Amino acid sequence: MDIHMDVALGASYHSPQQKARVITEAWAAENMYCVMCGEPHLVHLQNNKPVADLLCPSCKNVFELKSHNGRFGSVIADGSYETMMARLMDDNNPHLFVMEYKRPEYIVENLW
């Protein structure tokens with residue numbers, strides 16, 4: 001597993017948040033495996049899927065990636081409360097990956 005992310009993927013974005021989203025999600029799709037079935041790679045889902053970033057092509061489990069530059073505090077921020085609650089109640093609710101990384105190098109420091 002390469003802990004260095006491809007910073008060039010974020011070059012066309014101006015917002016640091018958009019850059020981070022593109023860079024971290026691409027890294028996860030390339031480097032993470034399905035923790036449910038062992039499939040060696042995950043598929044990056046199209047943007048703006050509610051509470052879904054990655055999909056296992058084998059067992060179809062869905063994963064949400066939350067990433068943060070540096071350490072997370074006591075709260076992991078998310079989007080709309082209603083959207084998150086609806087996804088959690090769904091038959092195919094997501095698993096969660098939490099990543100702490102270091103900018104500007106975009107190096108993975110912690111992942112659980």
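Taking region 61-99, which residues are surrounded by 12 or more Cβ atoms within 10 Å (Cβ to Cβ), at pLDDT 75 or above and either part of a helix (DSSP H, G or I) or basic (Lys, Arg) (or both)?
Matches in region 61-99: Lys66 only.
Suppose the filter is among the aromatic types (Phe, Trp, Tyr) and farther than 15 Å from Trp112 by Cβ; does Tyr33 pass it? I'd like the intermediate steps shown before the answer.
Numbers: among the aromatic types (Phe, Trp, Tyr): yes; farther than 15 Å from Trp112 by Cβ: no.
When the stated conditions are applied, Tyr33 does not pass them.
Which residues, taken from region 5-29, are within 17 Å of Glu64 (Cβ to Cβ) and exposed (fewer than 12 other Cβ atoms within 10 Å of the Cβ)?
Gln17
The values are calculated or read from the model by the stated rules, or taken from the named source; none is laboratory data. Because the structure is a prediction, the values reported are computed rather than measured. Cβ atoms come from the backbone with ideal geometry, glycine included; neighbour counts cover every protein chain shown.
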